[in-house]
Number of protein chains: 2
Amino acid sequence: MDIVAITGFSAAILTTASFLPQAIKTIQTKDTSGISLFMYSLFALGTLLWFLFGLFSYNMPVMIANAVTLVFACIILVYKIKYR
Amino acid sequence: MDIVAITGFSAAILTTASFLPQAIKTIQTKDTSGISLFMYSLFALGTLLWFLFGLFSYNMPVMIANAVTLVFACIILVYKIKYR
């Protein structure tokens, strides 16, 4: 892999994985007062569209990364709705 | 634009714009107890790498979307560090 591919791959891993510590924290603390419902509503919808974009364009990395992110985002969104 | 391009464009707009309501909420309330420092550290770094990926690959939409997201993510990260 060249530097451009390594940068893109690292970027995808980091932005996808970043939602895991937030999901864990939200599940453990149920502290959602500072979390924006509007953010996670837009973000979950956007991630669903990224997944569909990956599906339509036969782009497996985009599909997988956004499927994982969508799961984390939906967990946070459900906790925000349940414990606001 | 075809359906694939519209889906990708809508996805990019939504995932980028979603961090604005979170940044506004965080600035207004300074309530960062439920926000994960680890998430925003990884996410800001990942968004910076996406920006560099856009720069290296001459992809202006990727650069612009991630520059905007990086600003929002850094605001939230600074508030999290300052008001945790």
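From the list B:Leu55, B:Leu42, the one residue that fits, being without any contact (Cβ under 8 Å) to a residue 24 or more places away in the chain, more than 13 Å from A:Phe19 (Cα to Cα) and aliphatic (A, V, I, L, M), is B:Leu55. Scanning segment B:44-77 for residues that are of a type in the set (Val, Ile, Thr), touching a Phe, Trp or Tyr at 6+ places or on another chain (Cβ under 7 Å) and within 30 Å of A:Asp2 (Cβ to Cβ), we see that the one that is surrounded by the most Cβ atoms within 10 Å (Cβ to Cβ) is B:Thr69.
Residue check: A:Ile13 meets all listed conditions (1) in a helix (DSSP H, G or I); (2) touching a helix residue (DSSP H, G or I) at 6+ places or on another chain (Cβ under 6 Å); (3) within 8 Å of chain B (Cβ to nearest Cβ) but one, namely (2). The number of residues in segment A:25-43 being open to solvent by 20 Å² or more (accessible area, probe 1.4 Å) and either in contact with a helix residue (DSSP H, G or I) (Cβ under 9 Å, 6 or more places away or on another chain) or at the interface with another protein chain (Cβ under 7 Å from one of its Cβ atoms) (or both) comes to 10. Only a single criterion out of (1) closer than 23 Å to B:Gln28 by Cβ; (2) in contact (Cβ under 8 Å) with a residue 24 or more places away in the chain; (3) within 7 Å of chain B (Cβ to nearest Cβ) is not satisfied by A:Thr47, namely (1).
The values are calculated or read from the model by the stated rules, or taken from the named source; none is laboratory data. Nothing here was measured: the structure is a model prediction, and the numbers come from that model. Neighbour counts are summed over all protein chains in view; Cβ atoms, including those assigned to glycine, are modelled from backbone coordinates with ideal geometry. Only protein heavy atoms, including side chains, enter the accessible area calculation; ligands, DNA and RNA are left aside. Shrake-Rupley method; radii C 1.70, N 1.55, O 1.52, S 1.80 Å.
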